[in-house]
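One structure is given here, and the rest of the page talks about it.
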Amino acid sequence: MALKKNGFIPSSAPEELKKVLVAVASVWGDTIEDMEEFHVFPLKGAMTNEVFQINWPTNHGDLHQKVLVRVYGKGVEVFFNRDDEIRTFECMSELGQGPRLLGRFSDGRIEEFIHARTLSAADLRVPEISSLIGAKLREFNNLDMPGPKNVLLWERLRTWLSQAKRFCSPSTAKEFGLDGLEEEISILEKELTQGYQEIGFCHNDLQYGNIMMDEETRVITLIDYEYASYNPVAYDLANHFCEMAANYHSETPHILDYSIYPDLEERRRFISAYLVSSGNEYSDAKVEQLLSDAEKYTLANHLFWGLWGIISGHLNKIDFKYLEYARQRFQQYWLTKPLHLSS
């Protein structure tokens, strides 16, 4: 869909997208007679899909309507089932947890535009904001979502490993040690799976770009549920901590800086805010146990996003150095494995 005034949306079904946009505008009482009335603004930071803000003038003076258009990345069906993801999105909307689904077209969808600020990498280090995120993550993990509630992490890792081997050249597979990863996944599953661990509905991709905050009310909204599934909540915490080494809006968005990985006190503070938000009493021992479990689950998280990077590097056309990102995740796995596993 080309809109000459402000931008371009690379949909494979431009006419269908236009019709859906016009229909959405019509529901809100706005008549679009010229496609030039749509103003397109690309939003940076997305690495699975391409995301755009679309504005148009309303029939009520100088006001403008806004929606978000999400164009699905090429080959993303390798990572998750899109129909399942849409059902999750709709369920989250019904629960008041995220934006409403306004329309769909063959390679994307139109979502409600949330009038809140997307957080920055620096925001994650602000104690007040970090505590708000911890409380919101606890609420998210406690959601009772429809469907099976079994842990998906290990199955997904094995599926992605199979896909990575299929896409990789022999030299790339050797570089990343893919032939030995099945054993590594089995070791992790055996070492990390404990009967006492809490299983919850996990976001699995809680980086700063998937967190929004209303500046007036300080209400936090978590968005983008494509990778969400039931998992140990310690894994969701581990993922968030790992994401604090990233800045996807820098000049080198693929580069991770583990020198700024949250220190022990910062992680402890986040987990305390996470636990206290549920209103139940918790002990220092509970904080320390979850802190320890989350650190161990960073290993699974490095493999998860490392495999994602390898596959994305062969499929996705978004301007992001996926393979270099994958290298850093694998390097961190091997570097920290001796610190977190007993054998």
Quick one: Debye curve from the alpha-carbon atoms of the range 147-287 only, equal weights, vacuum; give me log10 I(q)/I(0) at q = 0.12, 0.14 Å⁻¹ to two decimals.
-0.66, -0.90
Helix 153-167 vs. the chain, principal-axis angle (Cα, 0 to 90°, nearest 10)
70 degrees
14 Å beta-carbon shell around A122, net charge (K/R +1, D/E -1)
-3
Where only protein heavy atoms count, and the probe is 1.4 Å, what is the accessible area per residue for the chain in Å²?
45 Å²
What FRET efficiency do you get for E139 and R166 if R0 is 30 Å and r is their Cβ-Cβ distance, rounded to the nearest 0.05?
0.20
What angle, in degrees between 0 and 90 and rounded to the nearest 10, separates the Cα long axis of helix 284-315 from the longest principal axis of the Cα atoms of the chain?
60 degrees
Sequence ranges 282-290, 265-273, 119-127, ranked by mean other-Cβ count within 10 angstrom, highest first
265-273, 119-127, 282-290
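Can you work out the FRET efficiency for the pair E155 and V27, with r the C-beta to C-beta distance and R0 = 41 Å, to the nearest 0.05? Don't jump to the answer; show the numbers that get you there.
Details: r = 40 Å, r/R0 = 0.97.
The computed FRET efficiency comes out at 0.55.
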Taking only the alpha carbons of the range 9-154, what extent do you get along each of the three principal axes, in Å, biggest first?
49, 36, 26
Hey, of (1) 0.98; (2) 0.95; (3) 1.13, which did the structure itself give for Rg/Rh (Cα atoms, Kirkwood Rh) when calculated?
(1)
What value in Å³ per residue do you get for the convex hull of the alpha-carbon atoms in the range 212-311?
140 Å³
Between the range 175-230 and the range 321-343, what is the separation of their alpha carbon centroids in Å?
16 Å
Calculated P(r) of the range 132-208 - Cα pairs past 20 Å, %:
51 percent
Against the longest alpha carbon principal axis of the chain, how many degrees, from 0 to 90 and to the nearest 10, is the axis of helix 322-340 turned?
30 degrees
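The values are calculated or read from the model by the stated rules, or taken from the named source; none is laboratory data. The shown structure was predicted, so the numbers you read here are calculated from the model rather than taken from an experiment. A quick note on method: Cβ atoms are made from the backbone with ideal geometry, for glycine too, and the neighbour counts reach across all protein chains shown. Accessible surface areas use protein heavy atoms only, side chains included; no ligands, DNA or RNA. Shrake-Rupley method; radii C 1.70, N 1.55, O 1.52, S 1.80 Å.
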